[in-house]
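The values are calculated or read from the model by the stated rules, or taken from the named source; none is laboratory data. Remember, it's a predicted structure, so these values are computed and weren't measured experimentally. So basically every Cβ, Gly included, is an ideal-geometry build from the backbone, and we count neighbours across all protein chains shown.
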Amino acid sequence: MNKQTICIVSPALAQANNGNWQTARRWAQLLRTRYQADIASDWPAAAAPDLLIALHARRSAAPLAHFCAAHPDRPAILVLTGTDLYRDIRSDADAQASLERATALVLLQPAGLSELPPHLRSKARVIYQSAPALQPATRASAPHHHEILMVGHLREEKDPRTFMLAASYLTARTARLIHIGGVLDPALGDAATAANAAWPGRYQWLGPLPHADTRQRLKHAHAMAICSRMEGGANVIIEAVTSGVPVLASDISGNRGMLGDDYLGYFPLGDAQALATLVDKSINVPGWYAQLQGQCARRAKLFTPEAEQAALLDLVDNLLHTN
């Protein structure tokens, strides 16, 4: 018996190595235990899938619209991955139309539900992303350096300038701010190069690294910083938490949905001095750092591949069975 087919339409493919691609790659793997699942920038009209999964309401609006028009009897899932949820659906007509067209909506954390128009919330569900757990790195009692890692391409949504500027406020002698990510905004690339020169030994921009290398670097970090202005549900938070690495996060809805409202590691959006204060505290106050570790360890249970696969298959199975 032939397996039913699923096409995951992603605005970013392997060469982008960003969050949308990581979601598409992982979901294809999780679905292939039961379905034939492929990733593309558009669905194949000559062999339309039984079910479409579209990532990003605005950037995948055209493939989603064409699929729903050509195959109104087949289900389509729209995954709201970040900038679409927290920006585009407020003002972009294509993104708004995508919300209406999709059979089901998927959010990557629960705080995003309040961003949806009330009449659409009933067709939305939350599926937390996942990452395989890594054994936490053994840490020296008095390390020479405490590495704080930021992982994200240089673009305004990730607010890398706040991370750079935090280097100027650090007081902990052992703190090192390390940024991994490629240049999407040339001005931010110039800023990172300038920060390398301005704060040697405090800030270092490594450029893009392969995903596996980044995960290993993250595993050995003292903490991970995420400074983003908007996030649908950052996979890098999951990769940190499932490696035993605490997170220092900008206080935005998407990060609260991942880490919880009671999390101790938030700093005000865009406040480099407040981020530096948290970095210093994580190094100088072991008890507070241990509290962060404990909070992250409790959240890690939400982010297992088994839980993500079960939720994803449950949604897909039910849509294909009832359509």
Looking only at strands (runs of 3 or more DSSP E) that lie completely in the range 104-186, which have at least 1 residues being surrounded by 22 or more Cβ atoms within 10 Å (Cβ to Cβ)?
104-107, 146-151, 175-180
Condition test on H211, is it touching a Leu at 6+ places or on another chain (Cβ under 6 Å) and at pLDDT below 95?
no
Which members of the range 247-276 meet the condition of being over 18 Å from the mean Cα position of the chain (by Cα), assigned to a helix (DSSP H, G or I) and under 13 Å from A225 (Cβ atoms)?
A272, A274, L275, A276
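Can you name the residue in the range 58-86 that is of a type in the set (G, A, S) and in contact with a strand residue (DSSP E or B) (Cβ under 6 Å, 6 or more places away or on another chain) and, of all such residues, is nearest to V9 (Cα to Cα)?
My answer is S60.
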Here the residues within the range 239-276 that are free of Cβ contacts under 8 Å to residues at least 24 places away in the same chain and on the phi > 0 side of the Ramachandran plot are none
May I ask you to verify whether Q309 is in a helix (DSSP H, G or I), over 21 Å from L105 (Cα atoms) and of a type in the set (S, T, N, Q)?
no
Given the conditions (1) part of a strand (DSSP E or B); (2) without any contact (Cβ under 8 Å) to a residue 12 or more places away in the chain, every one holds for W205 apart from (2)
Does V279 qualify as being under 19 Å from the mean Cα position of the chain (by Cα), buried (at least 20 other Cβ atoms within 10 Å of the Cβ) and hydrophobic (A, V, I, L, M, F, W, C)?
no
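Being at pLDDT 95 or above and hydrophobic (A, V, I, L, M, F, W, C) is the requirement here; does A234 meet it?
no
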Taking the conditions exactly as written (surrounded by fewer than 15 Cβ atoms within 10 Å (Cβ to Cβ), part of a loop (DSSP other than H, G, I, E, B) and in contact with a helix residue (DSSP H, G or I) (Cβ under 8 Å, 6 or more places away or on another chain)), does P200 satisfy them or not?
no
Criterion (more than 26 Å from D84 (Cβ to Cβ) and either in contact with a helix residue (DSSP H, G or I) (Cβ under 8 Å, 6 or more places away or on another chain) or exposed (fewer than 15 other Cβ atoms within 10 Å of the Cβ) (or both)) met by exactly one of L259, L313, L248, L209:
L209
